[in-house]
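Bear in mind that the values in this text are calculations on the coordinates, not laboratory data. Note that the structure is a prediction, hence the values are computed from the model and not measured. FYI the Cβ positions are ideal-geometry reconstructions off the backbone, even for glycines, and counts take in every protein chain you see.
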Amino acid sequence: MGARFGPQNGRQDLLSQITFDKTSAAGFRFAIVVSRWNEELTTSLKNGAKRALLESGTPEDSFEVFFVPGAFELPLAAKKAAETARFDAVIALGVVIRGDTPHFDFVAGQASAGIMQASLSTGVPIMFGVVTTNSLEQAVARCGNNNGNKGFEAALSAIEVATLFRNMRDEGQGRVSPHVA
Ligand code: INI
């Protein structure tokens, strides 16, 4: 396996235990669905996700980016992307800040529940790359350029789950996920 450039701190190590290299994502196709609410931050999440995919061997033409107005629209858009059967995983990205809205719990809660429901109903892994925080400062910390980018993290999780499911399909061949050890 090549150099480890993915999860670099303790929290991320708990999330993703495989070692990512520049071929980890080869052969997979991904959709990235991005909410435009808090656009500066969600752009940073999108860039983090793209960087993780590119550094893991996903060619530019193997992922597509789609935009929705807000996090509330993420579940249906992610479901539509999943239903095309063109993607091995979908990465849903958004930012919901409690101070911004009295209906934080509805937007964040429905985005989270809807994404899980869309994933279960389609059988396509949909990553929850939605930053939900109490303050703008906390959100900024999760949308950074290097470590601490939830988009980067969600894309690595997408690669890990896509790999796991491919290994489940291709029983006995090239198992690489420690989760089946
Ligand atoms: N959408 C977000 O993605 N983040 C938010 O913080 C937010 N706030 O604050 O309200 C938000 N609202 C819009 C919502 O997601 C829908 O786009 C809108 O309600 C139309 O359905």
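Some notes on this structure:
- R0 of 22 Å, Cβ-Cβ distance residue 84-residue 19: FRET efficiency to nearest 0.05: 0.10
- Residues 137, 64 arranged by fewest to most Cβ contacts within 10 Å: 137, 64
- Spin-label model distance (nm) - residue 169 vs residue 116, 7 Å beyond Cα toward Cβ: 2.6
- In order along region 128-142, phi translates into HN-Hα couplings of 8, x, 9, 7, 10, 9, 7, 9, 4, 4, 5, 5, 4, 5, 9 Hz, rounded to whole numbers, per the Karplus curve 6.51 cos²θ - 1.76 cosθ + 1.60 with θ = phi - 60° and x for Gly and Pro.
- Kirkwood Rh and Cα Rg combined as Rg/Rh, region 31-167: 0.95
- Ascending count of other beta-carbon atoms within 10 Å, so fewest first, for 126, 97, 18: 18, 97, 126
- In Hz, Karplus ³J(HN,Hα) per residue of region 119-126 (6.51, -1.76, 1.60; θ = phi - 60°; x = Gly, Pro): 5, 5, 6, 9, x, 9, x, 10
- Residue 57 long-range amide H proximity, modeled H, under 5 Å: 25
- A cut-off of 5 Å between modelled amide H atoms, ignoring neighbours fewer than 5 places along the same chain, links residue 149 with 144.
- Remark on residue 132: its backbone amide H falls under 5 Å from those of 96, a criterion applied only to residues 5 or more positions apart or on other chains, H modelled at 1.01 Å from N.
- Gain in span if fully extended, residue 76 to residue 64, counting 0.36 nm per residue against the direct Cα distance: 2.7 nm
- Antiparallel %, DSSP beta bridges [both residues in region 31-167], to 5: 5
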